[in-house]
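Take a look at the structure set out below.
The values are calculated or read from the model by the stated rules, or taken from the named source; none is laboratory data. Keep in mind it's a predicted model, so treat the numbers as computed, not measured. Backbone-built Cβ (ideal geometry, glycine too); neighbour counts: all protein chains shown. Note: accessible area is taken over every heavy atom of the protein model, side chains too, but ligands, DNA and RNA are not part of it. Shrake-Rupley method; radii C 1.70, N 1.55, O 1.52, S 1.80 Å.
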Amino acid sequence: MKNSIALMAIGISLSLLSCQNDSSKLTDSGLIPLPVSVSNSSGTFELTSTTSIQMVGPESDLIFIGEYLAEKLRPSTGFPIQVGTDEAAIKLELLGDGSGSEGYELSITDSQITIKSESEAGLFYGVQTLIQAFPPSIEERKKVSEKWIVPAGIITDSPDFAYRGSMLDVARHFFPVEDVKHYIDQMAELKLNYLHLHLTDDQGWRIEIKSWPKLTETGGSTEVGGGEGGFYTQEQYAEIVAYAAERYITVVPEVDMPGHTNAILASYGELNPGINLPDGDTETIVKSVEKAEDLLSGSNIDRQAAELYTGIEVGFSTLDSDLEATYQLIEDVVRELTALTPGPYFHIGGDESHVTKKDDYIYFVERVQEIVKGYGKTSIGWDEIATTTLLPGNVAQFWDKANNAQMAKSQGNKVLMSPAKRAYLDMQYDSTSRIGLHWAAFIELDDAYNWDPATYTEGISKSDILGVEAPLWTETVTNRADIEYLVFPRLAAIAEVAWTPTSRRSWESFASRIPVQGKRWDIEGIDFYKSPKVNW
């Protein structure tokens, strides 16, 4: 019996030693998205109370990246982690003038960690990888008694697509600034770089427009289900934009039009062509669609404010493409919003405008594109906009119709890939999911991961694609916990689709790494869905 106990003890010791050896490999750190190249070296780097961070490069703005890393490391370690330009054990080095690619190199030896990049964004992404290389407990916001070891090795990395985004619908349900910032933080950890804010829809208008105050006074007063709604002041919106920019995320504002515009028509009745949905039932929608042509072709339309709408049906509202006041509103909205948004893109929506006559839709979209161009921005629109003549450089966001994506390509325009059957984060995981919809598909974690943007749609190759975006529509989402349940872990899967070359990706590899990220989310209090496809 004693011999058996002794042998068992030896076995346990060897097993623990084996686990320790495995965890001391950089390739076993659970990195997401998976870098382009990861190689192990002998040894480990240990963070201690004397460790500091050195910034090397021509840009003084690097101090934010250094402080960001230090702030991540200080709470759990209890170490002071100073940031400056003096030689230190952790070095962040900006190469050249800082205008180069988003790629980076992370080198870890037993005495030093060095991150090099030609851009500030690249350094920031290298920092995210370094944080993931530490044990998950580095995410604790209180001191933890532990040795803070990072495995030695070299990572060389760069993104597969330039645009790697997620969309947050704040129109169906409104979310306060702090929830949006929280979402930005999670995006940053996954190296996503575009936040698309769906600011307007039938159920609510969420951004203050000073020249048209009723848009928020009336249009922002409710949401799906009849809640009190809300909106961002221009100062709050600017705060979100700045917060995102500090994390190398560009905000893309969306004003959806000419459909999905009931909130506008409820705010300013003089813009209403006469199509509205007072009670939101399907029968009324059908009747509205049937009489749409008659209403829009009438010369003496009684323009009354639409009823506020709190349902989830789509396709019943439209702006009047023949009314000059329509374009005055749009120009004022674009002018005020672009002044607050330094990024290159403005999203004009364009989807599901079922009651807009085809010729009117084409005229409207082409005219709005010119307005957006006049304010120095590039238009993005849902794939339906490709049925019009697109301006050079404008982008069609593929969500539903492959032929629309092909029409965008045929005009020489790029496609942003957001296929509803793979990338829509509001879809249920399966029939038992507590919230979400399933009109496009049930999307389990492996479904969100196992697709290639470059081969997903016939006729669309990698050279035609701007990037990948995962939208979260919020018909069934009412709070932060709901967001987290539907978004995580699927956003991590989409982030890897957007960052990691297809040749490097496999579901087996991802499934082995996502539990480590799950431990980080647990520590951060993220209420994520524990997919049965993964051994958590």
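An oblate overall shape is assigned to region 325-401, the ratio a/c of its alpha-carbon gyration tensor axes (a ≥ b ≥ c) being 1.5 or greater and a/b not exceeding b/c.
Rounded if a/c is under 1.5, else prolate if a/b beats b/c, else oblate: with a ≥ b ≥ c from the C-alpha gyration tensor eigenvalues square-rooted, which is the chain?
Prolate shape, in that a/c is at least 1.5 and a/b is the bigger ratio.
State the antiparallel share, in %, of DSSP beta bridges confined to the chain, rounding to the nearest 5. Of all bridge pairs located within the chain, approximately 30 percent are antiparallel.
Counting only protein heavy atoms, what percent of the accessible surface of the chain is carbon or sulfur at a 1.4 Å probe?
With neighbouring chains kept in place, the figure for the chain is 51 percent.
Loop-resident GluC sites (Glu not before Pro) (DSSP state other than H, G, I, E or B) in region 43-132 with no more than 16 further Cβ atoms inside 10 Å of their Cβ: GLU59, GLU87. Simple spin-label estimate for GLU178 and ASP61 gives 2.9 nm between the two label positions (7 Å along the Cα-to-Cβ direction from each Cα). Taking every C-alpha pair closer than 8 Å and separated by at least 6 residues, the mean separation divided by the residue count of region 398-536 gives a relative contact order of 24 percent.
Summing +1 for each Lys or Arg and -1 for each Asp or Glu among the other residues whose beta-carbon sits under 12 angstrom from that of SER37 gives -1. Long hydrophobic helices in the chain, taken as whole DSSP H segments with a C-alpha length of 30 Å or more on their own axis and mean Kyte-Doolittle hydropathy at least 0.5: 2-23. The phi torsions of region 80-90, fed into the Karplus equation with coefficients 6.51, -1.76 and 1.60 and a -60° offset, translate into couplings of x, 6, 7, 10, x, 9, 6, 4, 8, 6, 10 Hz, rounded to whole numbers, with Gly and Pro shown as x. Taking θ as phi - 60° and the Karplus parameters 6.51, -1.76 and 1.60, the scalar couplings of region 142-157 work out to 10, 5, 10, 7, 6, 7, 9, 9, 10, x, 6, x, 10, 10, 10, 8 Hz in sequence order, x denoting glycine and proline. Summarising the amide proton neighbourhood of TYR232: residues at separation of 5 or more, or on other chains, whose placed amide H is nearer than 5 Å comprise ILE207, GLU208. Restricting to region 62-175, compute how many DSSP beta bridges are antiparallel as a %, nearest 5. Around 70 percent antiparallel, to the nearest 5. Normalised by the number of residues in the chain, the average gap of Cα pairs under 8 Å and 6 or more apart makes the relative contact order 14 percent. When every Cα-Cα distance of region 39-122 is counted in 10 angstrom steps from zero, the calculated P(r) takes the values 18, 49, 30, 3 percent.
Relative to the Cα centre, the charge distribution of the chain, modelled as +1 at Lys and Arg Cβ and -1 at Asp and Glu Cβ, gives a dipole magnitude of about 1900 debye. For region 505-536, list residues with backbone N below 16 Å from a point placed 7 Å from the Cα of ASN479 toward its Cβ? The answer is 525-528. Distance from the C-alpha centroid of region 212-226 to that of region 460-490: 25 Å, rounded to the whole angstrom.
Averaged per residue, what accessible surface does the chain expose to a 1.4 Å probe, in Å²?
Ligands and nucleic acids excluded, the result is 38 Å² per residue.
Cα centroid separation, region 403-431 to region 92-116: 35 Å. Between ASP185 and GLU246, the simple label model (points 7 Å from Cα in the Cβ direction) yields a spacing of 1.1 nm. Sort out for me the Cα centre separation of region 500-536 from region 32-51, rounded to whole Å. Measuring centre to centre over Cα atoms gives 20 Å. Indicate the gyration tensor shape class of region 106-179 (rounded, prolate or oblate), computed on the Cα atoms with a ≥ b ≥ c the square roots of the eigenvalues: a/c under 1.5 is rounded; otherwise a/b larger than b/c is prolate and the rest oblate. Cα axes put region 106-179 in the oblate bin.
Near the amide H of ILE380, within less than 5 Å, lie the amide hydrogens of PHE346, HIS347, ILE348, VAL395, all on another chain or at least 5 residues away, with H placed in the peptide plane. Along region 346-355 the Karplus relation, 6.51 cos²θ - 1.76 cosθ + 1.60 evaluated at θ = phi - 60°, assigns HN-Hα couplings of 9, 8, 9, x, x, 8, 6, 8, 5, 9 Hz to successive residues, with x for each Gly and Pro.
At 0.36 nm per residue, and after removing the present C-alpha to C-alpha distance, how many nm does the segment from ASP359 to ALA441 gain when stretched out fully?
Fully extending the segment from ASP359 to ALA441 adds 26.3 nm.
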